[in-house]
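Undergrad: First the structure, which I've put down as structure tokens, then a few questions once you've had a look.
The values are calculated or read from the model by the stated rules, or taken from the named source; none is laboratory data. Here the structure is a predicted model, which is why all the values come from computation and not from measurement. For neighbour counting, all protein chains shown are included, and Cβ atoms are generated from backbone atoms with ideal geometry for every residue, glycine included. The protein model used for the area step is the full one, side chains on, heavy atoms only, and it has no ligands, DNA or RNA in it. Shrake-Rupley method; radii C 1.70, N 1.55, O 1.52, S 1.80 Å.
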Amino acid sequence: MNNHSTRLEGRTALVTGATGGLGVAIASSLAANGAHVVITGRDAARGDAVVAGIRSAGGRVDLVAADLAAGEDEVRRLARRAVEVAGGHIDILVNNAGLWGMPEATSAVSEPDLLASFRTNVIAPFLLTGALAPAMAERGHGAVVNVGSITGFIGGDRAALYSSTKAAVHSLTKSWAVEYGPQGVRVNAVAPGPIATERVLEAADHVSGVLARIPSRRMSTPEEVAAAVVFLAGDEAANIHGAILSVDGGWAAA
């Protein structure tokens, strides 16, 4: 693990959707900065591989497998188990898990599609924050970092389903900042543009048209987005509440 730091030493973090893609980079970066990280995802085998990688680099990490789309009981089980594994408290919650699909016309989106996306992208973060943030507030400190999207700000052709879930995440970020901020819990979000994960790279033909409109003319790396999450989770962002930090190569400004 390169550039190991102690900036988050003594803190615990729960990262959802951390068995692949951006979640791995976030978990790895938090661990590299000294946090004890609990990762979660549906695939225990993939999770075990992530755990092995972070531990081999000197990080502290554990896995609690869970399916966030399975409903309230499963989300609350995850919250309880994560607290136990982390030693009694979670200081940082990163709501990263999200269901993403290729662009699709609104008329082609079925009710099951809607429900599946909102269960994972909106309802699960809502329930998990509700399960963990009150204890942070009782202790007088904590940080929640939500992973939104540039699509939550701007319109996109055939992007209504995904965009609507991320706009909801942005709205929740601001509401939770007002709700929990007075008790010392900071709630913020990152809003990435295209990220060079394996899944996005497989859709390179679609992404190429987007990149032509982005000032930087490139995708962000997972590590660049993870660095923004670590910043918002750490003391350098001590008086930042309700912010939505774009990591999009300037797309929102174009």
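Undergrad: Treat every Asp and Glu Cβ in the chain as -1 and every Lys and Arg Cβ as +1, leave all other atoms uncharged, and give the resulting dipole magnitude about the Cα centre to the nearest 20 debye.
TA: Here the chain has a charge dipole of around 300 debye.
Undergrad: Let me ask you something else. What is the distance in Å between the Cα centroid of region 110-131 and that of region 1-51?
TA: 23
Undergrad: Which one of 195, 154, 123 has the biggest mean-square fluctuation once the chain is modelled by GNM with Cα springs under 10 Å?
TA: For the chain, modelled as a Gaussian network with Cα springs under 10 Å, the answer is 154.
Undergrad: 7 Å from Cα along Cα→Cβ at both residue 6 and residue 158: what's the point-to-point distance in nm?
TA: 5.3
Undergrad: Would you please put 12-24, 236-248 in order of how densely packed they are, using the mean number of other Cβ atoms within 10 angstrom per residue and starting with the highest?
TA: Descending mean neighbour count gives 12-24, 236-248.
Undergrad: Mind giving me the nanometre distance, one decimal, between the label points for residue 135 and residue 183, set 7 Å out from Cα along Cα→Cβ?
TA: 1.3
Undergrad: Tell me the mean residue ellipticity at 222 nm calculated for the chain from its helices only (DSSP H runs of n ≥ 4, each -39500 (n - 2.57), averaged over every residue, nearest 500).
TA: On the way: 9 runs with 109 residues, N = 254.
Using -39500 (n - 2.57) per qualifying helix, the result is -13500 deg cm²/dmol.
Undergrad: Follow-up. Counting only residues 5 or more places away or on other chains, whose amide H sits under 5 Å from the amide H of residue 38 once H atoms are built in the peptide plane?
TA: Amide H to amide H, under 5 Å and 5 or more residues apart or across chains, residue 38 pairs with 13, 14, 15, 62.
Undergrad: Also: Just the number please: accessible area per residue for region 10-251, 1.4 Å probe, all protein chains included, in Å². Spell out each step's value before the answer.
TA: Working: 10240 Å² over 242 residues.
Solvent-accessible surface per residue comes out at 42 Å².
Undergrad: Same structure, new question: What distance in nm separates the simple spin-label points at residue 105 and residue 72, each placed 7 Å from Cα in the Cβ direction?
TA: 3.8
Undergrad: For region 175-254, run through the trypsin sites (Lys or Arg not before Pro) and keep only the ones in DSSP coil with at most 12 other Cβ atoms within 10 Å of their Cβ.
TA: 213, 217, 218
Undergrad: Return the carbon/sulfur percentage of the accessible area of region 10-251, one whole number, probe 1.4 Å, all protein chains in place.
TA: For region 10-251, the apolar C and S fraction of the accessible surface comes to 54 percent.
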